[in-house]
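Trainee: Below is one structure. I have some questions about it.
Laboratory data are not the source of any read-out in this text; all were calculated from the coordinates shown. Bear in mind that the values here come from a model prediction, so they are computed numbers and not experimental data. Please note: Cβ atoms are built from the backbone with ideal geometry, for glycine as well, and neighbour counts cover all protein chains shown.
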């Protein structure tokens, strides 16, 4: 399975590495990797009230038949957004393998 991590200019290299690790760690034991060809995680800064930070994280998991399942979450810090989205992926593993 190919995992792509995409982030806007506010997302540093360390955060991208963290996101890739967390996503792989969630997917590997949860789904049949032979049925899925790609996962893509996108991080971006989103509009927030003055003085606040909001990061959005979207994860697309694509099966070999072309079906795409999307998960998304947000947090005040990139790691928080990644953790929330990855937890949704982990909880929905039954949907992905069903």
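Trainee: Sum -39500 (n - 2.57) across every DSSP H segment of at least 4 residues in the chain, then divide by the residue count to get the 222 nm mean residue ellipticity, nearest 500.
Mentor: -10500 deg cm²/dmol
Trainee: What does the highest-first list of 26-32, 81-87, 46-52 look like by mean Cβ count within 10 Å?
Mentor: Values: 26-32: 15.6, 81-87: 21.4, 46-52: 7.9.
Highest-to-lowest ranking by the protection proxy: 81-87, 26-32, 46-52.
Trainee: Please work out the FRET efficiency for the pair residue 8 and residue 69, using the Cβ-Cβ distance as r and a Förster radius of 22 Å; give the result to the nearest 0.05.
Mentor: Details: r = 23 Å, r/R0 = 1.05.
So, using R0 = 22 Å, E works out to roughly 0.45.
Trainee: So what is the orientation-averaged projected area of the chain, using the convex hull of its C-alpha atoms, in nm²?
Mentor: 6.0
Trainee: Okay, moving on. In Å and on Cα atoms, what radius of gyration and Dmax does the stretch 41-94 show?
Mentor: Cα only, the stretch 41-94: 12.6, 44 Å (Rg, Dmax).
Trainee: Shifting gears a bit: Determine the gain in length on full extension of the stretch residue 48-residue 21; use 0.36 nm per residue of separation and subtract their C-alpha separation, reporting nm with one decimal.
Mentor: The residue 48-residue 21 span can extend by a further 7.0 nm.
Trainee: Restricting to the chain, compute how many DSSP beta bridges are antiparallel as a %, nearest 5.
Mentor: 75
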